[in-house]
1. Write down the accessible area per residue of the chain in Å², having rolled a 1.4 Å probe over the full set of protein chains.
2. Tell me the relative contact order for region 146-197 as a rounded percent, counting alpha carbon contacts under 8 Å between residues six or more apart.
3. If you roll a 1.4 Å probe over the chain with all protein chains in place, what percent of the accessible area is carbon or sulfur?
4. Determine ³J(HN,Hα), in whole Hz, for all residues of region 195-202 in sequence, where each value follows from phi through the Karplus function 6.51 cos²θ - 1.76 cosθ + 1.60 and θ = phi - 60°; x replaces Gly and Pro.
5. May I ask you to derive the relative contact order of region 97-148, considering only C-alpha pairs under 8 Å and at least 6 residues apart, and to give it as an integer percent?
6. List every residue whose amide H lies under 5 Å from the amide H of residue 170, counting only residues 5 or more places away in sequence or on a different chain, with H placed 1.01 Å from N in the peptide plane.
7. To the nearest 10 Å², what's residue 57's accessible area with a 1.4 Å probe?
8. Step through the residues of region 128-145 one at a time and calculate ³J(HN,Hα) from phi using the Karplus curve (6.51 cos²θ - 1.76 cosθ + 1.60, θ = phi - 60°), rounding each to whole Hz and writing x for Gly and Pro.
Amino acid sequence: MKLTRHGNNLLQLTYYGFVNVYLVREEDGFTLIDTALEGCARSIVQVAQKAGLPITRILPTHAHTDHIGGLDALHDLLPEAEVVMPARDARFLAGDMSLDANEPQDKLRGGWVIRKTHPTRLVQDGDRVGSLEVITTPGHTPGHASYLDTRDRTIIAGDAFQTQGGVAVSGTLKLLFPLVKFATWHKGLALESARKLRALEPSRLAVGHGRVLNQPLAAMDRAIKDAATH
Ligand SMILES: [Zn+2]
């Protein structure tokens, strides 16, 4: 595991060289964004303990295996922590793989796993979780969400963007790291969601796979242009 600090409130934990989770510092404890895989749970809890705060909330970005795989193990270790889930992807977490009539009927892609942990709270676009504002960013999955830290405009974008193998919108092929592309449900919606995140003028972009970018607007613009033309 590699631990990297970004600004005052963000710790990035990287497992296996390509799976990120984030600890967002709040006054009452950490909000953990994503959960990596089952075997990472104990290490995540230890990092928070060393940093001197409990994990009080668990907040996945979407229901793919490499983002919710550790959820049950973390819930066992942290039974008091709130489990907050984007409402649409909570259905996948519980094993309901149906698409709604008003959604594109494209095939769901990527790795999915059922977890027995029940979210204690479901969130929609615009909701607040501590200092974080929920920004729904469908495309990679139907219920993918990103989180804007309203204190410093850091965006934790899950797989709406990737920076591993080059900065890209979800759905654009990056040969050095094609996993995000091949796990993306709907490229057109992913592009719309990327524009939505760009319009928020983030000061920092933290993603599920790859390094954190400071002052990311130019890189996001290039990635959006690339996604729109390929
Ligand atoms: Zn994913």
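The values are calculated or read from the model by the stated rules, or taken from the named source; none is laboratory data. Every value quoted in this text rests on a predicted model; they were computed, and no experiment measured them. So basically every Cβ, Gly included, is an ideal-geometry build from the backbone, and we count neighbours across all protein chains shown. For accessibility, only protein heavy atoms count, side chains too; no ligands or nucleic acids. Shrake-Rupley method; radii C 1.70, N 1.55, O 1.52, S 1.80 Å.
1. On the way: 9760 Å² over 230 residues.
For the chain, the solvent-accessible area averages 42 Å² per residue.
2. Details: 59 pairs, mean separation 13.5, N = 52.
26 percent.
3. The nonpolar share, carbon plus sulfur, comes to 52 percent.
4. 3J(HN,Hα) across region 195-202, in whole Hz: 5, 4, 5, 4, 5, 7, 6, x.
5. Details: 38 pairs, mean separation 11.3, N = 52.
Once divided by the residue count of region 97-148, the mean separation gives 22 percent.
6. Under 5 Å from the amide H of residue 170: 161, 162.
7. 30 Å²
8. For region 128-145, the Karplus curve yields 10, 10, x, 7, 8, 9, 7, 10, 5, 9, x, x, 4, 10, x, x, 4, 10 Hz.
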